[in-house]
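Here the structure is laid out as structure tokens; the discussion comes afterwards.
Coordinate-derived values only; no laboratory data. Note that the structure is a prediction, hence the values are computed from the model and not measured. Quick reminder, even Gly has a Cβ in these numbers, built from the backbone with ideal geometry, and neighbours come from all protein chains shown.
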């Protein structure tokens, strides 16, 4: 990590993406890709007030993304079946509260993205007084199942990925 290359992986990815989009390795595009890879991270550094996130467990991250993909596809079919085949009067749409342990802003942002990408659920807000997530569920049957699922399938891996052991030893 140098002052000119603060995030080398991001720089390399931007350069590679530029070359892939242009489908050429000619010198002009190669030079522009390198310039893009250097300039964008330098110019966007102030947009990341906490710095770029550090993935503490990349294998857990990959497993979480795979599980989330399966869950999203499964939910698409379930929500489609409910919309197309069930009487709307039998749908039990409700708000629930899920107590959260995770405090890392990047972990919370990823949890929000995962929940909102899953059809049938919408992240409404974080209730600051108890650090709870307010969640809308399209067809709620078992509130405790939803709480256990969010805390076990999503929050626990995100804590492993984004937070260190010391973050939970001394809660603020």
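On the beta carbon distance between residue 72 and residue 48, with R0 = 25 Å, the FRET formula returns roughly 0.40. Order by neighbour count: 106, 88, fewest other Cβ atoms within 10 Å first, most last. Ranking 106, 88 by Cβ neighbours within 10 Å, fewest first, gives 88, 106. One quarter of the surface of the convex hull around the alpha-carbon atoms of segment 8-47 equals 2.6 nm², the direction-averaged projected area.
Residues 155, 129, 163 in ascending order of nearby Cβ atoms (within 10 Å, fewest first): 129, 163, 155. For the chain, averaging the sequence separation of C-alpha pairs within contact (under 8 Å, six or more residues apart) and dividing by the residue count gives a relative contact order of 23 percent. At R0 = 41 Å, how high is the FRET efficiency between residue 63 and residue 28 if r is their beta carbon distance? Nearest 0.05 is fine. Efficiency computed from Cβ-Cβ geometry: 0.50. Once the convex hull of all Cα atoms in segment 58-169 is built, its volume per residue stands at 94 Å³. Measuring r between the beta carbons of residue 93 and residue 10 and using R0 = 41 Å, the FRET efficiency lands at 0.55. With the alpha-carbon atoms of segment 1-109 aligned to their principal axes, the span from lowest to highest coordinate is 62, 36, 25 Å, starting with the largest. The ranking of 56, 46 by Cβ neighbour count inside 10 Å, starting from the fewest, reads 46, 56.
For a modelled paramagnetic label at residue 127, 7 Å from Cα along Cα-to-Cβ, the residues of segment 95-112 in reach, with backbone nitrogen under 15 Å, are 95-101. Compared with the alpha-carbon gap, the fully stretched path from residue 149 to residue 116 is longer by 10.4 nm at 0.36 nm per residue. Averaging Cα coordinates gives a centre for segment 95-135 and one for segment 32-50; these two points are 29 Å apart.
Annotation: peptides 62-72, 117-127, ranked by per-residue average of other Cβ atoms within 10 Å with the highest first, follow the order 117-127, 62-72.
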